[in-house]
1. Which value in Å does the Kirkwood hydrodynamic radius of the chain take, with 1/r averaged over all unlike C-alpha pairs and then inverted?
2. For region 191-254, place one equal point scatterer on every Cα, skip the solvent, and apply the Debye formula. What is log10 of I(q)/I(0) at q = 0.13, 0.19, 0.30 Å⁻¹?
3. Taking the Cα centre of the chain as the origin and placing charges on Cβ (Lys, Arg +1; Asp, Glu -1), which of Val239, Ala350, Leu539 is farthest toward the positive end of the dipole?
4. What residue among Ala524, Leu256, Thr284 has its Cα farthest toward the positive end of the dipole of the chain, where the charges are +1 on Lys, Arg and -1 on Asp, Glu, each on the Cβ?
5. Exposure proxy check: Thr148, Thr565, Thr46, Thr195 ranked by fewest other beta carbons within 10 Å?
6. Can you give me the Kirkwood hydrodynamic radius for region 1-75, using every pair of distinct Cα atoms, in Å to one decimal?
7. For every helix of n ≥ 4 consecutive DSSP H residues, a contribution of -39,500 (n - 2.57) applies; sum these over the chain, divide by its total residues, and give [θ] at 222 nm rounded to the nearest 500 deg cm²/dmol.
8. Which ordering of Asp86, Asp212 is given by a fewest-first count of other beta-carbon atoms within 10 Å?
Amino acid sequence: MFVVATAGHVDHGKSTLVRALTGMEPDRWAEERRRGMTIDLGFAWTTLPSGGTVAFVDVPGHERFVPNMLAGVGPVPAALIVVAADEGWMPQSAEHLAALDALGVAYGLLAVTRADLADPGPATARARAEIAETSLGAVPAVAVSGLTGAGLPQLRAALDQLAAQLPAPVVDDPVRLWVDRSFTVRGSGTVVTGTLGAGRLRVGDELELAGDDEPVRVRGLHSLGEARPEAAAVARVAVNLRGTPRDRLGRGDALLTPGRFHHTDVVDVRLAGDPAADLPATLTLHVGSAAVPVRVRPLGPDTVRLRLARPLPLLVGDRALLRDPGRHHVSGGVRVLDVAPPPLGRRGAAAARAQVLAELDGRPDLAGELRRRRLIQSGALIRMGVPTHAEPVQDGPAYAEPVAGDWLADPAHWRRLGEQLTEEVARHAREHPLEAGMPVDALRQRLALPDRVLVEALVRPPLRIHAGRVGAASANALPEPVALAVQRVRAEYGDRPFRAPEADRLADLGLGPREIGAAVRAGALLRLADNVVLLPDVLDDAVRVLAGLPQPFTLSAARQALDTTRRVAVPLLELLDRRGATRRLPDDARIVVT
Ligand SMILES: Nc1nc2c(ncn2[C@@H]2O[C@H](COP(=O)(O)OP(=O)(O)O)[C@@H](O)[C@H]2O)c(=O)[nH]1
Ligand SMILES: [Mg+2]
């Protein structure tokens, strides 16, 4: 199924066209039929020549009902723009088009209706020129008459072509169903409808309702007027929530896959449209089927902070629209850059924030989020719309690898924390020479870490945790200065394990030949050659990396794969040869022995 929203000025023939195409009545209310005017959203569907189904969300064209129009088009990715041949381009033609553009709608079709009343040529030319300037670009145009039926076969064919262009829906994404209608059915209870743009709904699913702790349960599902056990995007769906009081939800609410969305009442966004400085202090934010008053705080030339009158389940990258209801003016589209932005308390914080936002484009960026947030739980990032299973950055560590539990860390920050921990433990040892190490909780506080497991993960040999304290491994182990120096090597090289500290770095750390000898004997360092040391536990990783190369491999290929220098690669491979993990062939290439 694909879903198209109508758009266009009042009385230009939108509802007549939907009626002619589907044989269904989009104007559902008695008042609408009495006045011959659409007030609220209408829904109808039909089968196309290809056999596919198109569902229409028919919107009101009257200027008073623009908010209803926006609730209909918000979740729908394609538009059927309707212009009357005899009236041509009118104010709500322009306002509706501005709304589609602001939301970034990229798929559409122009129908020039009432072609039996006037030559469709001029209206077609004007409308195509206007549409070409927007996110829709050049669209096909069809002249039709809802009265005589002329042009309808061509319009059906054009709808089929439009359907074929639409990107495939992502059916394994979480569900965010923006409710566009809610009502009560006698004997069944509360029913809500919406356009399911991604994901899948099943009877029996538990869903979350923004701003409400109590989950709701899907008791029944309808799509295209038929009961179904499940519905996958894209679809118009009616969801029966029997047992959920009707007043718990309505238009603008969203039914959500539990735990997958961050509810926020403050977002930083990029504007496309009016400059930040020209925006009034209060506007209405339209996103999905929701319309929420917002307070606007300009940050950069095209970035603002929006404070929402009620929280919404928003994700990084979401598109929304700002409108000034008093002036009938679409201020423009917005792209959500940050759904959990930092407070702007300090002097200069707003200017600094503007600089950060200038670098963001609304595409989820895991490495950037980690750099800015430094430490965050992966679930929290996912709820903001930032996937944490992204590919590791080339030549970099696997950013998405948790450092402990569900915690993700910026690698540089994590390395600094490791160094800081060593220093704190050393300081504690100096100040409390008789204590057997520094209490874990004191360390957690000194390092301002939110979770004890993070402290535990930062403790590496030769430091260890014993009886709730962090200290050097044991009495007969390394002298403390050596233990701390090794811990520093770990902190600095843990994420580029095949790089060895240069000789002068070793000297800086106080690791001379005697100290290295002690550390090697204690198993805290691995000596490959004079002044070439690695952490002791990297050999298995080296073999794993080498096994991933096409076999046999050269020294140079090994060096590159391990991201290291000849100074390390040569003795490392020789050590692996001696241990039987690799074998050197007559031509000096090697293979991993399996
Ligand atoms: N002659 C003629 N009248 C039409 C055509 N389409 C719509 N109308 C009439 O124009 C008026 C407004 O149509 P309607 O579909 O309600 O417009 P909407 O407000 O865009 O939904 C109604 O009186 C229709 O009968 C058409 O193609 N030809
Ligand atoms: Mg209508």
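Coordinate-derived values only; no laboratory data. A quick note: this is a predicted structure, and the numbers were derived from the prediction, not measured. Reconstructed Cβ throughout: ideal geometry from the backbone, glycine too, with neighbour counts over all protein chains shown.
1. The Cα-based Kirkwood calculation yields 28.4 Å.
2. Normalising to I(0) and taking log10 leaves -0.31, -0.68, -1.55.
3. Ranked along the dipole, the leading option is Leu539.
4. Ala524
5. Ranking Thr148, Thr565, Thr46, Thr195 by Cβ neighbours within 10 Å, fewest first, gives Thr148, Thr565, Thr46, Thr195.
6. 12.3
7. Value at 222 nm, helices only: -9000 deg cm²/dmol.
8. Ranking Asp86, Asp212 by Cβ neighbours within 10 Å, fewest first, gives Asp212, Asp86.
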